[in-house]
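*Asks:* Sharing a structure with you now.
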Amino acid sequence: MNYKVPLKDIKFVAERVLDMPTHYTKFTKGQNTDPETLEAIFQEAAKFCENEIAPLNKVGDEEGCKFDNGEVTTPTGFKAAYDSFVENGWPGLTGPVEYEGQGMPESVGLVMMEMMIATNHSWSMYPGLSSGAIKTVYTHASKDLKDRFMPPMVAGKWTGTMCLTEPHCGSDLGLLKTFAEDADGDGVYNITGSKIFISSGEHDMADNIIHIVLARLPGAPEGIKGISLFLVPKFNVNDDGSLGDRNAVTCGSIEEKMGIHGNSTCVMNFDGAKGYLISEPHKGMRAMFTFINESRLGVAMHGQAHSEVSFQKALAYAKDRVQFRTKPRKDESKPADPIIGHPDVRRMLLTQKAFAEGGRMLNMFCGQLVDIEQSPDFSEAEHERAETLLAVLTPIAKGFLSESSLEATNYGIQVLGGHGFVKEWGMEQEVRDARISQLYEGTTGIQGLDLLGRKILGSRGKVLKPLVKEVEAFIKENRRNKFAKQLKPFMGTWESLTRSIGMSAMRNTDEVNAAAVDYLMMAGYVTVAYFWAKAAVAAEQAISEGAAEPEFYKAKIATADFYFQRIMPRVLAHEAAIKNGMDSMMALDEEHFVFV
């Protein structure tokens, strides 16, 4: 039951659902990305992932990382695979050409990232964090700093981290205490403080690690408005780019975690470490969101990738495992039939398939929007539309796909029964590794508050309009299609529920907090329904054109039908919960929350 990169489905989404070939003709970075080139890139990426890092997934889970006096050793084979990754030029796939990157569109890199996560989540985080660090430095640092740090980062010789969380504060970063002092007035700062939960914070895979660190300058305002952003290298870097002495940043320990054992999750101590300001003073959070938003889309891929892997493994098992009789019987000569014939097993497999493939469409659409957002070749109106759509879709993708992945991976265990609970089959690892995606880059509650409170209600609904217009245009264009017809009332529910929450919030702002997760899940179900409706229309068109392998397209239509018939009724439950308000949540006094 080995995972295979679903290249056929990736191609279907790219070419028939999102029309990526036309998209790539519209901007400079995309014009060398013809379908043949993309197919070659993805085939080679699939070979690397399946042959070099997939075999290390179980090794990483069983060995974990080793900590010894500040030094971290990654599991057997991790470094060798990373060296191969670098030698073959993969780190620079989307890197800036001026720093020796290949300049491919971000959407291409995101597809490869899905492959890496699916084959080895723990390993993928080392280059994954580096990608966000590269974009943050490239977007916000001075040219001198970029010229000094970017080339080895783009080449993969140096990796990167995101250093936000501190022991006393998680998502409430306004409480952070790490501080920076410009000791000699030359623009080099001394950074002091402690950060926790730092993924890839210390390891043996690269020559240097570039930490992107939030800290306060002297006299900074309290809260979020007093945070600045710094670049702090593990080894100091000389003016000529060569490595100097060890900086005063050390790993105090690594966490023993539920999952992703192959990735080092570190406590990082900064003891007057040399760092460089890469944001305007006191505007570090604004700059850090370059990293945070990329990471949130990465976490959305974590969830979707685990759903895909669990589905593939469960499907293979269900076709092979025989238990009881099905109607009709498959083989009268055998005492039992494959369990895939049982309706309840089909329910679980189709739910996995719907979340995995629906999530892929959502993530690849977000990748398309990132291309537009970051390219100067698009108009101001196109940039604004892409930015607004991403503002809404990023928390939906991160929150919904991480939540649905836990359901999907748990179904993977359920399909295998007792074998799913046994480590040798690898299904329970999918659950353990997927679980972190609901916490990374803000919990599901934080994503719900970001979506509903900060963005939609904060803009008086304005930020939601581009998505509503897009979906309504699709419904109008396909008004005779049954899936478009079924989608329409759910869009109405979304809009009316938003107005209802807005009215409730005017009476009590805590109603937003109470509704946030239900709202996010409702939005997720409807958004993925939109993509399943698009997929069904595209599949119907392919069949009418006489496309090869019509069964592939028929499966798309059948899965879309399952999604609307069996998954979408969940929207009504979320709607009812939201309309019931927060009173039942708050009726029990704090002192009555006791053990008896």
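*Asks:* I'd like the Karplus ³J(HN,Hα) series for segment 263-276: coefficients 6.51, -1.76, 1.60, θ = phi - 60°, whole numbers in Hz, and an x wherever there's a Gly or Pro.
*Replies:* Whole-Hz 3J(HN,Hα) from phi for segment 263-276: 9, 7, 10, 10, 8, 10, 10, 10, 10, x, 5, 6, x, 10.
*Asks:* If you fit an axis through the alpha-carbon atoms of helix 465-477 and take the longest principal axis of the Cα set of the chain, what angle between them do you get, 0 to 90°, nearest 10?
*Replies:* 30
*Asks:* Specify whether the C-alpha gyration tensor of segment 357-458 places it in the rounded, prolate or oblate class, a ≥ b ≥ c being the square roots of the eigenvalues: rounded for a/c under 1.5, otherwise prolate if a/b is larger than b/c and oblate if not.
*Replies:* It comes out prolate by the Cα gyration axes.
*Asks:* Treat every Asp and Glu Cβ in the chain as -1 and every Lys and Arg Cβ as +1, leave all other atoms uncharged, and give the resulting dipole magnitude about the Cα centre to the nearest 20 debye.
*Replies:* 2420
*Asks:* Roughly how many debye, to the nearest 20, is the charge dipole of segment 462-582 about its Cα centre, given +1 on each Lys and Arg Cβ, -1 on each Asp and Glu Cβ, and no other charges?
*Replies:* Magnitude of the dipole: close to 360 debye.
*Asks:* So for segment 457-554, averaging the separation of alpha carbon pairs under 8 Å that are six or more residues apart and normalising by length, what relative contact order in percent results?
*Replies:* The value is 24 percent.
*Asks:* Taking the Cβ of Gly284 as the centre, find all other residues whose Cβ is under 11 Å away and add up their charges (Lys, Arg: +1; Asp, Glu: -1).
*Replies:* With Lys, Arg at +1 and Asp, Glu at -1, the net is +3.
*Asks:* Then there's this: What nm distance separates the two modelled labels at Arg499 and Ser142, each placed 7 Å from Cα along Cα→Cβ?
*Replies:* 5.4
*Asks:* What pairs from Lys177/Lys579; Lys146/Lys465; Lys469/Lys556; Lys135/Lys274 go past 28 Å between their alpha carbons?
*Replies:* Lys177/Lys579; Lys146/Lys465
*Asks:* Would you mind classifying segment 210-303 by shape? Square roots of the alpha carbon gyration tensor eigenvalues, ordered a ≥ b ≥ c; an a/c under 1.5 is rounded, otherwise it is prolate if a/b is larger than b/c and oblate if not.
*Replies:* Taking the square roots of the gyration eigenvalues as a ≥ b ≥ c, segment 210-303 is oblate.
*Asks:* What does the charge add up to near Met582, with Lys and Arg as +1, Asp and Glu as -1, over the other residues with Cβ less than 10 Å from its Cβ?
*Replies:* Counting the neighbours of Met582, the net charge comes to -3.
*Asks:* In addition: What order do you get for 116-122, 45-51, 206-212, 549-555 when each peptide is scored by the mean count of other beta carbon atoms within 10 Å, highest first?
*Replies:* By packing density, highest mean first, the sequence is 116-122, 206-212, 45-51, 549-555.
*Asks:* Further, regarding this structure: Can you give me the angle between helix 482-507 and the longest principal axis of the chain, using Cα atoms only, in degrees from 0 to 90, rounded to the nearest 10?
*Replies:* That helix lies at roughly 50 degrees to the long axis.
*Asks:* A follow-up question, please. Do you know the relative contact order of the chain, to the nearest whole percent, from alpha carbon pairs under 8 angstrom that are 6+ apart?
*Replies:* Worked out over the chain, it gives 13 percent.
*Asks:* Could you give the size of the charge dipole of segment 1-157 about its Cα centre, using +1 on the Cβ of each K and R and -1 on the Cβ of each D and E, expressed in debye and rounded to the nearest 20?
*Replies:* 300
*Asks:* Next question, about the same structure. Just to verify a number: FRET efficiency for Lys462 and Lys283, C-beta to C-beta distance, R0 = 35 Å, to 0.05?
*Replies:* Once the sixth-power term is evaluated, E becomes 0.90.
*Asks:* Then there's this: Sort 9-15, 229-235 by packing, meaning the average of other beta carbons within 10 Å per residue, with the highest value first.
*Replies:* 229-235, 9-15
*Asks:* Taking the alpha-carbon distance from Lys485 and a cut-off under 16 Å, which aspartates and glutamates remain once sequence neighbours fewer than 8 residues away in the same chain are dropped?
*Replies:* Once the sequence-local aspartates and glutamates are set aside, what remains near Lys485 is Glu470, Glu472, Glu477, Glu540, Asp561.
*Asks:* Roughly speaking, what % of Cα-Cα pairs in segment 287-454 are separated by over 26 Å, rounded to a whole number?
*Replies:* Working: 5602 of 14028 pairs.
In whole percent, the long-distance tail amounts to 40.
*Asks:* Using +1 at the C-beta of Lys and Arg and -1 at the C-beta of Asp and Glu, which of Ala381, His342, Phe365 has the Cα lying farthest in the positive direction of the dipole of segment 323-420?
*Replies:* His342
*Asks:* Still on this structure, please answer the following. Near Glu430, within a Cβ-to-Cβ distance under 13 Å, what is the net charge of the other residues, with Lys and Arg +1 and Asp and Glu -1?
*Replies:* Value of the local net charge: 0.
*Asks:* Could I ask something else about it? What do you get for the angle between helix 284-320 and the principal long axis of the chain? Use alpha-carbon atoms, 0 to 90 degrees, nearest ten.
*Replies:* Here the helix axis deviates by roughly 40 degrees.
Read-outs throughout are calculated quantities, based only on the coordinates presented, and are distinct from any laboratory measurement. What you see is a predicted model; the values in this text were computed from it and never measured. Heads up, the Cβs are rebuilt from the backbone with ideal geometry, glycines too, and the neighbour counts pull from every protein chain shown.
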